[in-house]
1. Can you tell me which residue within the chain, out of those that are assigned to a helix (DSSP H, G or I) and of a type in the set (Gly, Ala, Ser), is surrounded by the most Cβ atoms within 10 Å (Cβ to Cβ)?
2. Restricting the first residue to segment 4-21 and requiring it to be modelled with pLDDT of 95 or more, which pairs with a second residue that is open to solvent by less than 100 Å² (accessible area, probe 1.4 Å) and polar (S, T, N, Q) meet a Cβ separation below 6 Å and a spacing of at least six or different chains?
Amino acid sequence: MCKIMEDMRNEAEQNKAKKTAIHLIKLGKMTLEEIAEATELSLDTVKELENQSMQLA
């Protein structure tokens, strides 16, 4: 049960970090490397989020 709760918490944190990264990408004031460092996401993940957000725009 604890493992399930921990997984849910980690997933929620990851989703929040991704939402923050997308917002920062749209602001356009930081490099992708800076966004990756600030959100603790991998640079590849941030690049993927950038590509997804550009397709939706």
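The values are calculated or read from the model by the stated rules, or taken from the named source; none is laboratory data. Note that the structure is a prediction, hence the values are computed from the model and not measured. Methodologically, a virtual Cβ is constructed for each residue, glycine included, from the backbone with ideal geometry; neighbour enumeration extends over all protein chains shown. In case anyone asks, the SASA skips ligands and DNA or RNA and just uses the protein heavy atoms, side chains included. Shrake-Rupley method; radii C 1.70, N 1.55, O 1.52, S 1.80 Å.
1. Among residues in the chain that are assigned to a helix (DSSP H, G or I) and of a type in the set (Gly, Ala, Ser), the one surrounded by the most Cβ atoms within 10 Å (Cβ to Cβ) is Ala21.
2. The qualifying pairs are Ala17/Thr39; Thr20/Thr39; Ala21/Thr39.
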